[in-house]
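Since the structure comes first, as structure tokens, the remarks are kept for the end.
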Amino acid sequence: MNTEKTVRKQAKKVLEGNRSVIISEIMVAVLAFLTGLFAFSLAMSVAGLYGVKNPNQTQQMLTMIFGIVFFAFVVVCLPLINGVYRSVCNVVRGRECSPLDVFYYYKKPKLFFKSVILDVISVGLFFIISGLLNVFNYLSAVSDKIIENSSSLTAVVAVLLVLAFIVSTAVVVVCYIIFVHYTFLAYGFNEHLPLGIYLPRMMAFSIKNFISTIKLFVGFIGWAALCFFVVPAFYAVPYFLTTSAMSAKWLFELEGSRDIIC
């Protein structure tokens, strides 16, 4: 049995009896973000801001205000994700977890603001870098003009769009591994370390262990496909997160990062 299969087997074992807790926490986090998105969409709709081609100054101001409020709401909700990660990290260490643990990082103002700073930097880097390297968006923006100028290139453009989508998806995965994956897991294992431990150090750690992480991700390609359907996602997401935490736990120990999981 190879390392990845062993880790998945261990994760499946420790997840037994805790799956409902992790699922409930994930649902709380998802519902929070969906609530914010619904409120934003409703406000934009009531204000008549959708589909406006040439908004006036008042409409521009309202759009900016709604956007700022929505962004602030998302930032405030980010520690919920940290709570989910903390729970799966506790599960792999044999510790008890409760559905209320999703709100763990809201208990103290200092812990809350530390979480927000970490999340904004980590997630911000993820979106900025993956966005800048998204070749699919660049190609999509000019594909219609290329086809209009030369309809004979339609098939070529279609193939290039597929290839660009594959490349862009790979870039998203790589950026997630480097900027988010181990950063959130390390913070889930131990929230008392300086911020510098979670960002520069975990970025270097992720690059060093990139091949091992990719092997872990490859084992979940099938599960990721099933996540397009809601019900299988309730099984796949907790399983993936717990397996990731189990893998990170062993890597932290092997790479001399026991201070993270102590």
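The values are calculated or read from the model by the stated rules, or taken from the named source; none is laboratory data. Please read these numbers as outputs of a predicted model, since none were measured by experiment. Cβ: placed from backbone, ideal geometry, glycine included. Neighbour counts: every protein chain shown. Areas reflect the complete protein model, heavy atoms only, side chains present, ligands, DNA and RNA absent. Shrake-Rupley method; radii C 1.70, N 1.55, O 1.52, S 1.80 Å.
Between the Cα long axis of helix 3-15 and the first principal axis of the chain there is an angle of about 80°, rounded to the nearest 10. What the Cβ-Cβ distance of residue 13 and residue 35 gives, at R0 = 25 Å and to the nearest 0.05, is a FRET efficiency of 0.10. Ligands, DNA and RNA excluded, the heavy atoms of residue 148 present near 150 Å² of accessible surface to a 1.4 Å solvent probe. In the chain, helices alone account for a calculated mean residue ellipticity at 222 nm of -25000 deg cm²/dmol, with every DSSP H run of four or more residues adding -39,500 (n - 2.57).
Note the listed values (1) 22.1, 92; (2) 20.9, 64; (3) 22.1, 87, then indicate which one is Rg and Dmax of the Cα atoms in Å calculated from this particular structure. Among (1) 22.1, 92; (2) 20.9, 64; (3) 22.1, 87, the one calculated here is (2). Put the Cα centre of segment 1-62 next to the Cα centre of segment 171-248 and the gap is 17 Å. Electrostatic bookkeeping for residue 82 treats Lys and Arg as +1 and Asp and Glu as -1; over the other residues with beta carbon under 15 Å from its beta carbon, the sum is +1.
Quarter the surface of the alpha carbon convex hull of segment 34-79 and you get the mean projected area, 3.2 square nanometres. To test your reading of the geometry: what angle, between 0 and 90 degrees and rounded to tens, separates the Cα axis of helix 109-132 from the longest principal axis of the chain? So the inclination is approximately 50 degrees. For the chain, the longest principal axis of the alpha carbon atoms and the long axis of helix 154-176 meet at an angle near 30°.
Pairs of alpha-carbon atoms within less than 8 angstrom and 6+ residues apart define the contacts here; what relative contact order does segment 1-127 have, in percent? Write down the numbers at each step before the final one.
Numbers: 86 pairs, mean separation 39.7, N = 127.
Rounded, it is 31 percent for segment 1-127.
Rounded to the nearest 20 debye, the dipole magnitude of the chain is 580 debye, with +1 charges on Lys and Arg beta carbons, -1 on Asp and Glu beta carbons, and the Cα centre as origin. Summary of packing: across the peptides 245-252, 210-217, the per-residue average of other C-beta atoms within 10 Å ranks them, highest first, as 245-252, 210-217. A simple charge model with +1 on the Cβ of Lys and Arg, -1 on the Cβ of Asp and Glu and nothing else charged puts the dipole of segment 1-146 at about 520 debye relative to its Cα centre.
When only Cα pairs below 8 angstrom with a gap of at least 6 residues are kept, segment 76-217 shows a relative contact order of 27 percent.
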